[in-house]
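Engineer: Sending over a structure as structure tokens; questions will come in a sec.
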Amino acid sequence: MKERTTELVDGLRHSVPYINAHHGKIFVILLTGAVLKSNNYSNIISDIGLLYSLGIKLVIVNGARNQIDESLKNHNITPRYHKSTRITDATTLDIIKQVTGSLQLNITASLSMCLNNTPLQGAHISVVSGNFVIAQPLGVDDGIDYCHTGKIRRINNEAIAEQLDRGSIVLLGPVGVSVTGESFNLISEDVAAEVAIRLKADKLIGFCAEQGVLDEHGCVITDLYPVDADNYVKQKEQQGKHLSSEVRFLRAASKVCRYGVRRSHLVSYLVDGSLLQELFSRDGIGTQVAMEHSEQIRSATINDIGGILELIRPLEEQGILVKRSREQLEIEIDKFTIIERDNMTIGCAALYPYSEEQMGEIACVAIHPEYRNSSRGDVLIDKLTERAKALGLKKIFVLTTRSIHWFREKGFNPAEVKDLPIKKKQLYNYQRNSKILMLDSL
Ligand SMILES: CC(C)(COP(=O)(O)OP(=O)(O)OC[C@H]1O[C@@H](n2cnc3c(N)ncnc32)[C@H](O)[C@@H]1OP(=O)(O)O)[C@@H](O)C(=O)NCCC(=O)NCCS
């Protein structure tokens, strides 16, 4: 029982920062035809309900490729493509309209009950679909007329934003209307990407059959820059896999990222809860495409005090680090360098210069227990050494009770109280009896 309670408490503690961070943000979620067909679909819809109940503004874009192909097959129609793009003749368009219309009603129905397992159980959820996507014909290429296959002309983003502000979920399908009153078949990934860009969404989210983008060993790649995503897409195109759902999604993710959508996430539609795990845990579960790596090392600012305190308090309580008050931290914040991951401080260290003696003290080195043994401590010390050099310091030292060998392995040598700068000598706490370790040549 105790274990279960701890799991619950840990889970809550870890997810609360994300719940706060996501509140009021716009997420565009792409549900391809394969997702709509999967056994896990009802769980995904429930999780979407949970996102809604947490105050996230949602636009859902659905695809229908699998269902359209199935229906064409039932009508003995062979799908026609040119350069991997469907050619939509009049009969095909009729079928597409039937299929997407039916899917839209089904999704609306399942979204209507998606709050049942959330704190908003019993509340009415309004799902709005409409002529938000304006299309135009794709035209003729190499003499081939794409007929009713279209491309996006514009997105009525203000009308979508209005609906989101009213608390509605906006549902868009892969069919757009033209100003001439015609319907055009669109690529759902294009719709999702364009809507995310125009709405300045916080996230674009997609699903695939794998856990995310996999490397050659079958391991999930957790972070991709747009340029990596482009290379992956090129590689898959060369292998003839240009139509796979992750390739289509990565094209969209790379594009939206360059237009300012901060993050795109690709998770499995087969694993129950993968969407929540990706959005509410520090490391996620799938693949994230972002302009900047989710982890960065930088100088601390006053806004980082809360995060640093959270990181060092347990170590202070165990007597590993010397206690620092919030006020002291506020005064000394410019001495700190932190490692930040997804808006959370997972590492910190400080450098206190003693300019007269051209020496610097390294202190308060801490890496979050879940992120140890991956050289982050090493990286922090390197960064502080760089800072010390830039300040013209010649030596750095550290006072430590528990990490003697760790510093020794980095070239620090035992030193004595008499070797310390005068001010530090006066403050040396003989009772604590910390070991003094010094790096003599920077
Ligand atoms: C010390 C600390 C910063 C190291 O961070 P880290 O990112 O895990 O360190 P690295 O990945 O660069 O190094 C890991 C190696 O150091 C070893 N190591 C970690 N902590 C150590 C310690 N206190 N003493 C000796 N060796 C230690 C690990 O066993 C590992 O060795 P291995 O590579 O042979 O397996 C981290 O353990 C921590 O926050 N400790 C609590 C706070 C503390 O002691 N701070 C130092 C006083 S200022």
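Engineer: I'm checking my understanding of the structure. Among residues of the stretch 58-76 that are touching a helix residue (DSSP H, G or I) at 6+ places or on another chain (Cβ under 8 Å) and more than 21 Å from Phe249 (Cβ to Cβ), which one is surrounded by the fewest Cβ atoms within 10 Å (Cβ to Cβ)?
Structural biologist: Looking at residues that are touching a helix residue (DSSP H, G or I) at 6+ places or on another chain (Cβ under 8 Å) and more than 21 Å from Phe249 (Cβ to Cβ), I get His75.
Engineer: If you don't mind, another one. So is Leu399 in a strand (DSSP E or B) and modelled with pLDDT of 95 or more or not? Walk me through it before giving the result.
Structural biologist: Numbers: in a strand (DSSP E or B): yes; modelled with pLDDT of 95 or more: yes.
It is true that Leu399 is in a strand (DSSP E or B) and modelled with pLDDT of 95 or more.
Engineer: From the list Leu311, Leu329, which one is touching a residue at least 40 places away in the same chain (Cβ under 8 Å), surrounded by 21 or more Cβ atoms within 10 Å (Cβ to Cβ) and within 16 Å of the ligand (Cβ to nearest atom)?
Structural biologist: On the way: Leu329 fails: touching a residue at least 40 places away in the same chain (Cβ under 8 Å).
One residue alone meets the criteria, Leu311.
Engineer: Out of all the residues in the stretch 382-437, which are without any contact (Cβ under 8 Å) to a residue 12 or more places away in the chain and small (Gly, Ala, Ser)?
Structural biologist: Ala390
Engineer: Right, something else. If you scan the stretch 232-270, which residues turn out to be of a type in the set (A, V, I, L, M) and surrounded by fewer than 17 Cβ atoms within 10 Å (Cβ to Cβ)?
Structural biologist: Residues of the stretch 232-270 that are of a type in the set (A, V, I, L, M), as a first pass: 233, 243, 247, 250, 252-253, 256, 261, 266-267, 270.
Once the filter is applied, which keeps residues that are of a type in the set (A, V, I, L, M) and surrounded by fewer than 17 Cβ atoms within 10 Å (Cβ to Cβ), the stretch 232-270 yields Leu243, Leu270.
Engineer: Within the stretch 369-393, which residues are under 28 Å from the mean Cα position of the chain (by Cα), under 24 Å from Glu356 (Cα atoms) and not β-branched (Val, Ile, Thr)?
Structural biologist: Filtering the stretch 369-393 for residues under 28 Å from the mean Cα position of the chain (by Cα) gives 369-383.
Applying the additional criterion that residues be under 24 Å from Glu356 (Cα atoms) yields 381-383.
Within the stretch 369-393, Asp382, Lys383 qualify.
Engineer: Go through (1) at pLDDT 95 or above; (2) surrounded by fewer than 18 Cβ atoms within 10 Å (Cβ to Cβ) and name the single condition Val379 misses.
Structural biologist: Going through (1) at pLDDT 95 or above; (2) surrounded by fewer than 18 Cβ atoms within 10 Å (Cβ to Cβ) one by one, Val379 breaks only (1).
Engineer: Something else about it: Counting only residues that are closer than 19 Å to Phe27 by Cα, give me the strands (runs of 3 or more DSSP E) lying completely in the stretch 117-233 with at least 1 of them. Walk me through it before giving the result.
Structural biologist: On the way: elements: 133-137, 150-155, 169-172, 175-177, 183-185, 203-208.
Once the strands (runs of 3 or more DSSP E) in the stretch 117-233 are filtered for at least 1 residues that are closer than 19 Å to Phe27 by Cα, what remains is 133-137, 150-155, 169-172, 203-208.
Engineer: I'd like to know if the stretch 410-417 contains one or more residues that are closer than 16 Å to Pro353 by Cα and away from the ligand (no atom under 16 Å from the Cβ). Break it down into steps so the answer makes sense when it comes.
Structural biologist: From the stretch 410-417, those closer than 16 Å to Pro353 by Cα are none; that's our starting set.
No: zero hits.
Engineer: Looking only at the stretch 372-396, which residues are part of a loop (DSSP other than H, G, I, E, B) and more than 6 Å from the ligand (Cβ to nearest atom)? Break it down stepwise before answering.
Structural biologist: We begin by selecting, within the stretch 372-396, every residue part of a loop (DSSP other than H, G, I, E, B); these are 372-375, 391-394.
Across the stretch 372-396, the qualifying residues are Leu391, Gly392, Leu393, Lys394.
Engineer: Still on this structure, I have one more. From the set of residues in the stretch 339-371 that are in a strand (DSSP E or B) and near the ligand (Cβ under 8 Å from one of its atoms), which is surrounded by the fewest Cβ atoms within 10 Å (Cβ to Cβ)?
Structural biologist: The first filter runs over the stretch 339-371 and keeps only residues in a strand (DSSP E or B), leaving 339-341, 344-354, 359-367.
Then drop every residue that is not near the ligand (Cβ under 8 Å from one of its atoms), which leaves 347, 349, 362-367.
Working: Gly347: 23, Ala349: 25, Ile362: 24, Ala363: 20, Cys364: 22, Val365: 23, Ala366: 23, Ile367: 22.
Looking at the filtered set, the residue picked out is Ala363.
The values are calculated or read from the model by the stated rules, or taken from the named source; none is laboratory data. Just so we're clear, the structure is a prediction, and the values are computed from it rather than from any experiment. Note that each Cβ is placed from the backbone with ideal geometry, even for glycine, and that neighbours are counted across all protein chains shown.
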